[in-house]
Every structure is written in structure tokens, then in C-alpha cells.
């Protein structure tokens, strides 16, 4: 039988397994630990994807002005917006609420569209397998610590998370573009901090 990507149900059951709990047969009408496992996956997903990776980041995406107000709305699914300050030396652009804001000129109004590196929060079915595994294991380790607090499970789960993270980083270093590692000052810094030194010497 061909192996397929980890389903959301399998991810929930992995979280429950890491807590020492029995699996569930479905996700309809979730409650109790099953719902907590689902919530933990959502939390871990945001935390991982907010860092910005090859699978969820659009580089130099054009954020367009509203035709009436000239304000720029940030997509609701955008978890992180990075703007190269050298591209807009007369502006100081940050995200404020759901819009871009120019701190230098104290305004939400722009005279041009803005290009930014945008990291999106993706649905489970949009995630590659290395991200699904890492997110699920991270969620399981964190939920076990907060609810059960078993030191024995914590050691086992921590080992699982290190393994999942290593596999995650191996895929990211392979699939990420050369431009992300060396040509993008906004992304390269935080990204490189997660890469083992031996990987950088390849």
C-alpha cells in the first residue's frame, strides 16, 4: 500500500499518543482531549509558519493600494510581513492591525504599491509532509507538558521532536532557494539560526 501524507486525523491521534491517550476514530463533534489536541496543532502551526519557510512564503509579493483610500490591507492569512527598508528609504513601513503603516510619515496612505516577503498561514492540506510531521510532534510535546506533565513522556517526546525538527530542516535546506539563504536580508537571519553549522558548510 502506498504511503500518503499525514492526515489531520492522524496528526490528532499522534498528539494523543504522545500524551499516553487512546486514538479517536473521527473528528466529528470533537470534545475533551481530542479538541485540545486539535487546538494544540493550530497553535503549533501558527508558531512554525510565522517563522517563514520555503513552503509558505511569497517573496517580493506586491501588496496593492485600495483604489479609493490608497491604504494597503494585509491579507488575513498573512502571519508575517517583511519589507526591505532599503527598497523604501523615504518610508518606515510596518504592519499595524490589518494594514500597512508608514511610521516616518505617520500615515496609512501610500502613493505606491509595496513589495514585501509575506509568510502565510496555510490549511493542513496545503502543508508538505515535513511540516505536518514537525507541527504535529511539536503540538504533542507541548500539550503533554501542559496537561499531563509526565517526565518520562517528556523525554520520549523531546527526542521525537528533535528528530522531526532535524528532518524538517534537512528538507528546508534542500528545497529553499539560494536566494532565500543569501540574497534576502529579511529572511536569511532568522532562517540561518536554525540550520546546523555542518549544513552551511556543504
TODO: Find the residue count for the stretch 179-191, including only residues that are loosely packed, with under 14 Cβ neighbours inside 10 Å and either under 20 Å from the mean Cα position of the chain (by Cα) or at pLDDT 50 or above (or both).
DONE: 4
- [ ] Would you mind finding the one in 104, 115 that is surrounded by fewer than 20 Cβ atoms within 10 Å (Cβ to Cβ) and either in contact with a helix residue (DSSP H, G or I) (Cβ under 9 Å, 6 or more places away or on another chain) or not in a loop (DSSP other than H, G, I, E, B) (or both)?
- [x] 115
- [ ] Give the stretch 156-178 a look and list any residue that's under 18 Å from the mean Cα position of the chain (by Cα), in contact (Cβ under 8 Å) with a residue 40 or more places away in the chain, surrounded by 15 or more Cβ atoms within 10 Å (Cβ to Cβ) and assigned to a helix (DSSP H, G or I), or say none.
- [x] 171, 172
Open item on the list: Can you pull out every residue in the stretch 50-59 that is under 25 Å from residue 109 (Cα atoms) and out of contact with any helix residue (DSSP H, G or I) (no Cβ under 9 Å at 6 or more places or on another chain)?
Closed with: 58
Open item on the list: Let me confirm something: among 12, 48, which residue is outside the structural domain of residue 157 (by TED's automatic domain parsing) and surrounded by 14 or more Cβ atoms within 10 Å (Cβ to Cβ)?
Closed with: 12
- [ ] Looking for whichever is at pLDDT 95 or above and within 24 Å of residue 15 (Cα to Cα) here; the options are 127, 63. Which one fits?
- [x] 127
TODO: Check the stretch 74-97 and report whether any residue there is surrounded by fewer than 15 Cβ atoms within 10 Å (Cβ to Cβ), on the phi > 0 side of the Ramachandran plot, free of Cβ contacts under 8 Å to residues at least 40 places away in the same chain and in a loop (DSSP other than H, G, I, E, B).
DONE: yes
Task: Failed item in (1) over 26 Å from the mean Cα position of the chain (by Cα); (2) closer than 30 Å to residue 172 by Cα, with residue 70 passing the rest - done: (2)
Task: Residue, nearest to residue 69 (Cα to Cα), within the stretch 127-155, restricted to residues that are free of Cβ contacts under 8 Å to residues at least 40 places away in the same chain and not in a loop (DSSP other than H, G, I, E, B) - done: 146
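The values are calculated or read from the model by the stated rules, or taken from the named source; none is laboratory data. Computed from a prediction, not measured in an experiment: that's the story for all the values here. Reconstructed Cβ throughout: ideal geometry from the backbone, glycine too, with neighbour counts over all protein chains shown.
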